[in-house]
Amino acid sequence: MIATRRRGTLLMDILLEAKELTKRFGAFTAVDGISLQVKKGEVLGFLGPNGAGKSTTMKMLTGFLAPSSGSAIVCGETVTTGNVAARARIGYLPEGAPLYGDMTSRGFLAFVAAAHAIPAAEIPDVVESAAGAVHLQDVMEQRVETLSKGFKRRVGLAAAILHAPDVLILDEPTDGLDPNQKFEVRRLIEAMSVDRAIIISTHILEEVDALCHRAVIINRGHIVADGTPSELRARSRYRNAVTMLVPGENAERVASALKRIGGVAKIEAASEGNKVRLTVVPVGNADIAEAIGDIAAVSNWQVSQFSVDPGRLDDVFRQATEGDGLNGNNHNRGGEA
Ligand SMILES: Nc1ncnc2c1ncn2[C@@H]1O[C@H](COP(=O)(O)OP(=O)(O)O)[C@@H](O)[C@H]1O
Ligand SMILES: [Mg+2]
């Protein structure tokens, strides 16, 4: 412990690390050289379209699946399928959160606690405190298969945290839940992030804003973008786009004036009742708001709702996962199989 401390806070704060993690299934490379770090207190969003390699990466991070090459490190220890000490530091919510339906919530959690080799005398308390953390108290004697999806997911979360892990690996924790249940599960995850490192996979972009300090986007087994939500958003072609609402009868006149402003890449128009919403997309994220505002002020366009776009995550996600990519390294994006 003292030795670790001497190495400084930075090293100590990194609780989860992937180093060039790679997984091949026969000739197919599902995960290809993924490296990432998650610090204490941080929630990392792991994004990508279906089949991108999220679950496979997470299975390697948890020691559930052995990598073809590369390694996963938890609290300074290399995770291997046989390293019980490293695996004990990890809480894992697998995709779909499989549970034993005919057990009660209490029975299932006690079973998981025993599987973690928690001494029998401590199990009731451990189960009670994990259940309390995710507000399961009212359904403890109910069979898991009779619970709503939201409560089932909470049972999965309780099972993931009952051995007090430092690292949580949650594979699509809100998948299949209704909006209220999603909100609830996000709140629980947020509460769990204190003093822990959490990685959550998702293909829901709002989750990144709601929950994540940082996000990594993967596509075909490769990292294609990495940053804070606002950094990622800044890479959107809509960054600094200007949106304004004008009366329908003025729209054409306004659009043709806007086209004459330097640095305008394109103008999108969408009608809203008797008004038209014009979105002016700049070339290279240039700041065009002032120039547009100056002209608007002397042109009687009757503009309402003038706003500057901070950039859009969905746009960045699409660019990164189906277009030419964002970081210019698409020459090494293999895995066309
Ligand atoms: N055991 C396996 N054998 C062969 N291919 C697999 C196996 N597991 C996953 N894959 C493939 O690896 C790719 C990544 O899968 P997965 O990690 O589940 O993606 P994601 O979780 O991002 O949707 C997919 O093409 C999937 O079909
Ligand atoms: Mg998956």
Does Ala110 count as touching a Pro at 6+ places or on another chain (Cβ under 9 Å), in contact (Cβ under 8 Å) with a residue 40 or more places away in the chain and more than 11 Å from ligand 1 (Cβ to nearest atom)? no
Any idea which of (1) within 28 Å of the chain's Cα centre (by Cα); (2) at pLDDT below 95; (3) not small (Gly, Ala, Ser) is the one His222 doesn't satisfy? (2)
Of Glu145, Glu184, the only residue that is free of Cβ contacts under 8 Å to residues at least 40 places away in the same chain and either within 18 Å of the chain's Cα centre (by Cα) or over 21 Å from Lys54 (Cα atoms) (or both) is Glu184
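Go over the candidates Gly311, Gly284 one by one and state the one that is loosely packed, with under 15 Cβ neighbours inside 10 Å, within 30 Å of Val216 (Cα to Cα) and within 29 Å of the chain's Cα centre (by Cα). Steps first, please.
Numbers: Gly311 fails: loosely packed, with under 15 Cβ neighbours inside 10 Å.
Only one candidate qualifies: Gly284.
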Starting from residues that are at pLDDT below 95 and acidic (Asp, Glu), keep the ones in the stretch 85-124 and report whichever is farthest from Gly53 (Cα to Cα). Asp102
Sole miss for Ala160 among (1) within 16 Å of ligand 1 (Cβ to nearest atom); (2) touching a Phe, Trp or Tyr at 6+ places or on another chain (Cβ under 8 Å) is condition (1)
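In this structure, is Ala251 in contact with a Leu (Cβ under 7 Å, 6 or more places away or on another chain) and assigned to a strand (DSSP E or B)?
Details: in contact with a Leu (Cβ under 7 Å, 6 or more places away or on another chain): yes; assigned to a strand (DSSP E or B): no.
Answer is no for this residue.
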Considering each of Pro67, Pro98 in turn, give the residue that is in the same structural domain as Gln137 (by TED's automatic domain parsing) and in contact with a Leu (Cβ under 6 Å, 6 or more places away or on another chain). Pro67
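How many residues are farther than 27 Å from Asp209 by Cβ and more than 7 Å from ligand 1 (Cβ to nearest atom) when one looks only at the stretch 27-56?
4
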Given (1) more than 16 Å from ligand 1 (Cβ to nearest atom); (2) surrounded by 13 or more Cβ atoms within 10 Å (Cβ to Cβ); (3) among the charged types (D, E, K, R), number of the condition Lys59 does not satisfy: (1)
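Residues checked against (1) without any contact (Cβ under 8 Å) to a residue 12 or more places away in the chain; (2) in the same structural domain as Thr22 (by TED's automatic domain parsing); (3) more than 16 Å from ligand 2 (Cβ to nearest atom); (4) buried (at least 18 other Cβ atoms within 10 Å of the Cβ):
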residue	(1), (2), (3), (4)
Pro173	no, yes, no, yes
Ala197	no, yes, yes, yes
Ser201	no, yes, no, yes
Ile217	no, yes, no, yes
Val224	no, yes, yes, yes
Lys266	no, no, yes, no
Glu272	no, no, yes, no
Lys275	no, no, yes, yes
Here the residues within the stretch 73-98 that are over 18 Å from Leu15 (Cβ atoms) and surrounded by 20 or more Cβ atoms within 10 Å (Cβ to Cβ) are Ala97
In the stretch 28-70, which residues are modelled with pLDDT under 95 and out of contact with any helix residue (DSSP H, G or I) (no Cβ under 9 Å at 6 or more places or on another chain)? Asn50, Gly51
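The values are calculated or read from the model by the stated rules, or taken from the named source; none is laboratory data. In this text the structure is predicted, and so the values were computed from the model without any measurement. With ideal geometry, Cβ positions are generated from the backbone for all residues, glycine too; neighbour counts draw on all protein chains shown.
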